[in-house]
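Heads up: the structure comes next, in structure tokens.
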Amino acid sequence: MKVLVAVKRVIDFNVKIRVKSDSSGVETGNVKMSMNPFDEIAVEEGVRMREAGTASELIAVSLGPQACQETIRTGLAMGADRGILVETDADLEPLAVAKLLKAVVDKENPDLIILGKQAIDDDCNQTGQMLAALLGWPQGTFASNLAFADGKADVTREIDGGLETLSLSMPAVITTDLRLNEPRYASLPNIMKAKKKPIDVFSTDDLGVDVTPRLEILKVEEPQGRERGVILADAAELVEKLRTEAKVI
Amino acid sequence: MEFQLSDEQSLLVSTLRRFIGIELHPLEDIVEQTGELAVEDAERILKNSRDLGFYAMNIPEQHGGGGLSTLDWMLVEEQFGYTTDILIRRAFGNVYEILLAGTPEQQERWLLPSVKGRRTFSIAFTEPEAGSDAASIRTTARREGDTWILSGQKCFISDAHFSDFFVVTAVTDQEAAHRGISTFIVDKGLEGFTIGPDQPMMGLRGTTHADLFFDDVKLGPETLLGPEGDGLKLALETLGRVRLAQIGARAIGKATRILDLTIEHARQRKQFGSPIGEFQMIQKMLADSAMEIKAARLALYATACSIDRGNEAREEISMVKVQASETLGRVVDRAVQIFGGSGYAKGLPIERYYRDARIYRIFDGTSEIHRTVIAKALLKGAPQLYDLVAQ
């Protein structure tokens, strides 16, 4: 089967996020960017399917500025066969991303789409679900295990109180949870080979998708710093403080 | 002039940084406490690294290595600086390019197994009476028919107890001064070849250092590496790139790792009611460290690019060697100062970094020797070393 994975370029998880001085967003200039960790898990799952022979082709798709090519290259170095970049400098909201991905799906006709359950920058957790709705395909979100048999995808999901297993007919949309797998390191030969793998570039106009934002960001602020804790002598003092200072009892 | 990593370089660098953080950092404290890297750990990190093509990346592809350009190799070695000497040796190899000067038979027998990580070797040039003055060695190899008889002593040989063979310099012609030195490959276990006990060092825990004793060791003609009398020339030609990598790049990587920790500490540590990073005297130290690291790194990359263009860059390598190792010395000294008492205590790794850093100004040519190399070139006429227009 043909598998498509979506990869997003986000601020590296190690970076200390700084809010822009005009409160319009977070500082992204001269900041280390990496592939969204949940998308890495998606790529890893695709590569494992490719190695197991379940997948015949693995395509890594990214949407955003030209620099997203680097994110696609990371996917190619991990083992994807080719890449697609929908190049745009616009701020993309989940619905616009889902529409663009649907346009790519219409071109490529994959049997399976794997996405991270959410991106670590905006934590929206919407794209996979919206894409499945737009396509009218079944969805298995927060997958912690995936198995394929008889043209069906069995998706194990972590839900409150336990594990749930869904059987999806194909084609389908799957979003990955943290425990689905542990992404590999790209090897030196594969990093060098990734350079030669093709990346097709489209514009949002090529795909006929209107990406105009529907939301307006009013203000982005740093979370309030936590006040230093104090060590209390005994429970009586705690009760006293809860009553007089915190005024919760 | 583009000061930006390519997509591949950036991926290689971040992959290595992650590999080192996950696979090697957890072993550092254990090696520090036990004084050695357990055999099973050494085998595991070798396997994990080799499977990813991270072993012997400096050796050309046709010999089974990674085939990196000098610049790419320096980017990689800078990341190696994020861990300790012994872990770099076992995970990524220490395959000196001097073996590329060997005949196809020599490469088959000694280079190939080294590139695959099946055999390990060390360079043995230093002697009790010949450190910086490499030409004054007293180890001799005299010809007897078809064989060479090696006798003498080498000292401070890194990894001596682990290595399977050694590349050894010896005088083959007493009359010819520095043109009378040749290089031999000496297998461990030959009759008359003994290795002294480990000499514990200030830092570099886990790596052994020992004397080698040659008491009329018989060497076949196939052990002569390169032409007779070319020993010093060979060393000069092949060790420059290694020096740039193992001292220059690694020192910069180490300094970067230490500055990261220092800045974090300056943010967190509170005195007089505010983080110490808000005090100007601490700020000066942080700013100086960052400026010096950045300058040394640019010099490193410029020199690597120069080598990739085909230049020998001997004096530039010396410049980076001094600049990077002395930067590391200052950065780690400031780190101890900013960490204060906890920087001096063994509970944190800062004191270990301090001990490990000191050797950088000494091994592979002292700061003094490299300054002499630079100054001699300047006096002979080498304005390209400092003047843009003369380049």
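Quick notes on this structure:
- Viscosity 1.306 mPa s, temperature 10 °C, Stokes-Einstein D of segment A:1-146 from Kirkwood C-alpha radius, µm²/s: 102
- Residue among B:Gly81, B:Gly341, B:Gly206 with the largest mean-square fluctuation in a Gaussian network model of chain B, springs linking Cα atoms under 10 Å: B:Gly341
- All other residues whose Cβ lies under 12 angstrom from that of B:Asp164 are scored, Lys and Arg at +1 and Asp and Glu at -1, for a net of +2.
- Stretch gain in nm, segment B:Arg314-B:Gln280, where the contour uses 0.36 nm per residue and the Cα spacing is subtracted: 8.3 nm
- In this structure the amide hydrogen of A:Val201, modeled in the peptide plane, comes within under 5 Å of the amide hydrogens of A:Leu85, none closer than 5 places in sequence on its chain.
- Cα→Cβ-extended label distance, 7 Å offset, between B:Gln62 and B:Glu264, nm: 4.5
- Amide H partners (placed H, <5 Å) of B:Glu127, local residues excluded: B:Cys155
- Distance between modelled label sites at B:Ile362 and A:Ile159, nm, 7 Å Cα→Cβ extension: 6.6
- Computed from the alpha carbon positions, the gyration tensor of the protein assembly as shown leads to an equivalent ellipsoid with semi-axes of 51, 32, 25 Å, biggest first.
- Working note: Cα gyration tensor of segment B:61-140, eigenvalues times five, square-rooted, sorted largest first, giving semi-axes of 24, 19, 13 Å.
- Remark: spin-label model distance A:Asn30-A:Asn14 equals 1.9 nm, labels positioned 7 Å along the Cα→Cβ axis.
- Phi angles across segment B:213-221 convert, under the Karplus curve 6.51 cos²θ - 1.76 cosθ + 1.60 with θ = phi - 60°, into 3J(HN,Hα) values of 10, 10, 10, 6, 7, 7, 10, x, x Hz, Gly and Pro given as x.
- Positive minus negative residues near B:Thr183 (Lys, Arg vs Asp, Glu; Cβ under 12 Å): -2
- Where only C-alpha atoms are counted, convex hull volume of segment B:183-256 per residue in Å³: 127
- GNM remark for chain B: springs join alpha carbons under 10 Å apart, and the peak mean-square fluctuation among B:Gln107, B:Gln62, B:Gln337 falls on B:Gln62.
- For the pair A:Leu178 and A:Lys193, the difference between a 0.36 nm per residue extended length and the Cα-Cα distance amounts to 2.6 nm.
- Against chain B, whose longest principal axis is taken from its Cα atoms, helix B:70-80 shows a tilt of about 60°.
- Per residue, chain B reaches -14000 deg cm²/dmol at 222 nm when only DSSP H runs of four or more residues are counted, each adding -39500 (n - 2.57).
- Taking 0.36 nm per residue of separation and subtracting the current Cα-Cα distance, fully stretching the chain between B:Ala382 and B:Ser151 would add 79.1 nm.
- Over segment B:291-373: Kirkwood hydrodynamic radius from C-alpha pairwise inverse distances, Å: 13.9
- Karplus (6.51, -1.76, 1.60) ³J(HN,Hα), θ = phi - 60°, over segment B:129-136, in Hz, Gly and Pro reported as x: 9, 9, x, 4, 8, 5, 6, 8
- Cα long-axis angle, helix A:37-52 against chain A (0 to 90 degrees, to the nearest 10): 30
- Measuring between their Cα centroids, segment B:147-195 and segment B:196-254 lie 10 Å from each other.
- About the Cα centre, charge dipole magnitude for the protein assembly as shown (Lys/Arg +1, Asp/Glu -1 at Cβ), debye: 840
- Applying 1/(1 + (r/R0)^6) with r as the Cβ-Cβ distance of A:Ala90 and B:Glu144 and R0 = 60 angstrom yields a FRET efficiency of 0.15.
- FRET efficiency for the pair B:Thr34 and A:Met1, taken as 1/(1 + (r/R0)^6) with r the Cβ-Cβ distance and R0 = 41 Å, rounds to 0.25.
- FRET efficiency, 1/(1 + (r/R0)^6) with R0 30 Å, evaluated for B:Thr103 and B:Asp216 via beta carbons: 0.75
- Residues considered: A:Leu135, A:Leu215, A:Leu207. Largest GNM mean-square fluctuation over chain A, using C-alpha springs under 10 Å, is found at A:Leu215.
- Under 5 Å, built H, 5+ apart or other chain: amide partners of A:Asp154: A:Ala147, A:Phe148, A:Ala149, A:Leu168
- For chain B: Kirkwood Rh in Å [reciprocal of mean 1/r, alpha carbons]: 22.1
- Alpha-carbon Debye profile of segment B:121-232, log10 I(q)/I(0) at 0.12, 0.15, 0.17, 0.23 Å⁻¹: -0.38, -0.59, -0.75, -1.30
- Ratio Rg/Rh [Cα only; Rh per Kirkwood] for segment B:2-120: 0.99
- In sequence order, calculated HN-Hα J values of segment B:307-320 (Karplus, 6.51, -1.76, 1.60; Hz; x Gly/Pro): 5, 5, 7, x, 7, 6, 6, 4, 6, 4, 4, 4, 4, 5
- Tail fraction, Cα-Cα pairs, segment A:2-246, threshold 29 Å, whole percent: 36
- With both residues required to sit in segment B:110-172, DSSP beta bridges show an antiparallel share near 55%.
- Per-bin percent of Cα-Cα distances, segment A:197-249 [10 Å]: 15, 20, 15, 14, 12, 12, 13
- Exercise: per-residue mean of other protein chain Cβ atoms within 10 Å, A:187-199: 4
- Of every Cα-Cα pair in segment B:239-385, the percent that sits beyond 26 Å: 31
Each reported figure results from applying straightforward, stated rules to the coordinates on display, with no laboratory input. Values in this document were obtained by computation on a predicted structure and should not be read as measured data. Counting neighbours? That spans all protein chains shown, and the Cβs are built from the backbone with ideal geometry, glycine included.
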